[in-house]
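What follows is a set of notes on a single structure, which appears directly below.
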Amino acid sequence: MPEEFIRYLPDEQSTVILGGRLSSLHGLILLYGELGAGKTTLVRGFLRTLGYRGVVRSPTYTLIESYELSGRRVLHLDIYRLSNPDELDCLGIREQQSRDSTLLVEWPERARSALGIPDAEVFIHYNGVARKVLVRGLSKPAASIVKLLSDKK
Ligand SMILES: Nc1ncnc2c1ncn2[C@@H]1O[C@H](COP(=O)(O)OP(=O)(O)O)[C@@H](O)[C@H]1O
Ligand SMILES: [Mg+2]
């Protein structure tokens, strides 16, 4: 059974904190939301909590940034500029997935079928003023983590 929760994100810091809490999720994590919704900010919190201290660059032009952190490999993708889902193969995503990496993908709707079945989905709704996030755990391990986080408040 999928598990989900909704939270308001009143400021940037709350997005960073939520990203940090989500860092116990593994596998394929899809990040939905308009430009400026806070997807990259969330990834920054995720990486910080895993001990990354450097600058988190938006992979808008590089499409992919990879991080080796405390025994985990984390890939951050922004595929907004992908013109063809087949281009994903050039990035070696599948090979990375088989090596147990965690993938955080901004604009997954650009290559939905090429990405495979997600473990978790994050939808950030932004109307220009307020931000609200829905976090959904789909795989069994992701669902139990999401349930834990939603109980915690
Ligand atoms: N919850 C929030 N409240 C206010 N501003 C936010 C929040 N989350 C992120 N921001 C700000 O919104 C801007 C865009 O965020 P970014 O993470 O780059 O968006 P995206 O990757 O979705 O395009 C940044 O300046 C960031 O500081
Ligand atoms: Mg971004």
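One table, with the values for the structure above:
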read-out: Beta bridge orientation in the chain: antiparallel %, DSSP, nearest 5; value: 60 percent
read-out: Length-normalised contact order of the stretch 94-142 in % [C-alpha pairs under 8 Å, at least 6 apart]; value: 28 percent
read-out: Count of lysine pairs in the stretch 3-152 with Cα separation under 19 Å (8 or more residues apart, or interchain); value: 4
read-out: The chain: C-alpha gyration tensor shape, a/c 1.5 cut-off, then a/b vs b/c; value: rounded
read-out: Rounded, prolate or oblate (a/c below 1.5 giving rounded, otherwise prolate when a/b exceeds b/c) for the stretch 1-79 by Cα gyration tensor; value: rounded
read-out: Loop-located trypsin sites (Lys or Arg not before Pro) in the stretch 1-97 whose Cβ has at most 10 other Cβ within 10 Å (DSSP); value: Arg53
read-out: For the chain, built as a Gaussian network whose Cα springs stay under 10 Å, the top-fluctuating residue of Thr40, Thr62, Thr15; value: Thr62
read-out: Three-way shape call for the stretch 62-133 based on the alpha-carbon gyration tensor, with the a/c threshold at 1.5; value: oblate
read-out: In the stretch 1-104, GluC sites (Glu not before Pro) in a DSSP loop with at most 13 other beta-carbon atoms within 10 Å; value: Glu34
read-out: Normalised contact order of the stretch 3-152, rounded percent, pairs of Cα under 8 Å and 6 or more residues apart; value: 36 percent
read-out: The chain - mean residue ellipticity at 222 nm from DSSP helices (-39,500 (n - 2.57) per run, n ≥ 4, rounded to 500); value: -8500 deg cm²/dmol
read-out: Lys, Arg +1 and Asp, Glu -1 on Cβ, resulting dipole of the chain about Cα centre, debye, nearest 20; value: 520 debye
read-out: Using θ = phi - 60° and Karplus 6.51 cos²θ - 1.76 cosθ + 1.60, couplings along the stretch 56-73 (whole Hz; Gly, Pro as x); value: 8, 8, 6, x, 4, 9, 7, 6, 9, 10, 10, 9, 9, 9, 5, x, 10, 9
read-out: Gap separating the Cα centres of the stretch 14-36 and the stretch 77-108, nearest whole Å; value: 16 Å
read-out: Estimated vicinal HN-Hα couplings, Hz - the stretch 105-116 in sequence order (Karplus 6.51, -1.76, 1.60; Gly, Pro = x); value: 10, 8, 6, x, 4, 5, 8, 3, 6, 6, 8, x
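No lab work stands behind these numbers, since they all come straight from the coordinates. Note that this is a predicted model, so its numbers are computed, not measured. Cβ: placed from backbone, ideal geometry, glycine included. Neighbour counts: every protein chain shown.
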